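Encoded as structure tokens, the structure appears first; notes follow it.
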Amino acid sequence: MEQALEILKRKALPYAKEAFERHREQIFAAMQFMCLCSFAAKESGLLALDEVTEMWEEESRGEDGENIALAVSMAKGDMPLKELLFHIIRRIVDAPDWDEAEEEILAQAKEKGCSGYEWYVAMIYLSGGKSILEGVEPERFLLMFRVLVPEQWLEDYDRYCHEWTKKEGERERAEREERAKKSFEKERSVKTAFNRIFGRVGPERLRYVMRELDYKTLAAGTAFAEESVRKHCLENMDERQRELVEEEWSRNREYAYHLEDILEAMDRMLILAGLTGEAW
């Protein structure tokens, strides 16, 4: 039995010229929308696509992902066959049998009276939906859709994609820079507090903190502290604990410690130091 997507492709291909001569921007926008849905699914899981449809219907903006917000914003524009589009998105999330879903979607396209270039748009949506469900990497979408573009419009498609991917790349770079900035700020804040507090805490309070923590936490927390602070901590450990901490340093300090492990250990030590009740 011929699959629904193959039937749809056969219906759509005769309208390729009409689609790209008269509705090129809409076609490219439809392809971009499916790419954004793919990014949203990859970023937040398939259930993110439910949020796309809900936000679009409620005309609201979500907080769970920039790609979700971009997809919704785009869908509010001049997107063709929106009812069919959002039906397909819902079926990506809900369909236990995608072949059955494709048959249903094809039947709906026929019932709604698709004509001319709309068959081409329906093919794009169904092809994109199947690829999202199969976990196709978002970056491959642009190449996958490129084979559906007639040769005479490939240059326009590449230009459109270049502008979009350029903007997407700039956005991703900005997000990476912001994440790095927050990471540096957190590291600086924790380390500054750690060195200030443990550099001046009295021996009695410090020995209490040392006794209450395991040697792995103490080793990670002090491995990258200021030298004077590290020495102060060592001096207030009992002999066996000090030996274990120094052994842990020799094994892990150069290669094995991750920043998150260090900051987490420092946080635990700071919390316990705060519970001692000493005024800093």
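Yes/no per residue for (1) surrounded by fewer than 20 Cβ atoms within 10 Å (Cβ to Cβ); (2) at pLDDT 80 or above; (3) assigned to a helix (DSSP H, G or I); (4) touching a Gly at 6+ places or on another chain (Cβ under 8 Å):
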site: LEU13; (1), (2), (3), (4): yes, yes, yes, no
site: MET31; (1), (2), (3), (4): no, yes, yes, yes
site: ILE68; (1), (2), (3), (4): no, no, yes, yes
site: ALA107; (1), (2), (3), (4): yes, yes, yes, no
* Structure fact -> Of the residues in the range 163-189 that are over 30 Å from PHE28 (Cα atoms) and among the small types (Gly, Ala, Ser), the one that is modelled with the lowest pLDDT is ALA180
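Just one of THR222, THR192 is β-branched (Val, Ile, Thr) and surrounded by fewer than 17 Cβ atoms within 10 Å (Cβ to Cβ); which is it?
THR192
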* Asked: What about GLY45, is it over 17 Å from SER127 (Cβ atoms) and either of a type in the set (Val, Ile, Thr) or at pLDDT below 70 (or both)?
  -> no
* LEU234: of a type outside the set (Ser, Thr, Tyr), closer than 18 Å to VAL190 by Cβ and surrounded by 15 or more Cβ atoms within 10 Å (Cβ to Cβ), yes or no? -> no
* For MET266, which of the numbered conditions (1) surrounded by fewer than 19 Cβ atoms within 10 Å (Cβ to Cβ); (2) under 27 Å from ARG179 (Cβ atoms) fails to hold? -> (1)
* To do: Looking at (1) without any contact (Cβ under 8 Å) to a residue 60 or more places away in the chain; (2) closer than 12 Å to ALA16 by Cα, find the lone condition where VAL121 falls short.
  => (1)
* Report yes if some residue within the range 216-239 is polar (S, T, N, Q) and closer than 16 Å to THR192 by Cβ; otherwise report no. => yes
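The values are calculated or read from the model by the stated rules, or taken from the named source; none is laboratory data. Note that the structure is predicted; figures quoted are calculated from it, not measured. For neighbour counting, all protein chains shown are included, and Cβ atoms are generated from backbone atoms with ideal geometry for every residue, glycine included.
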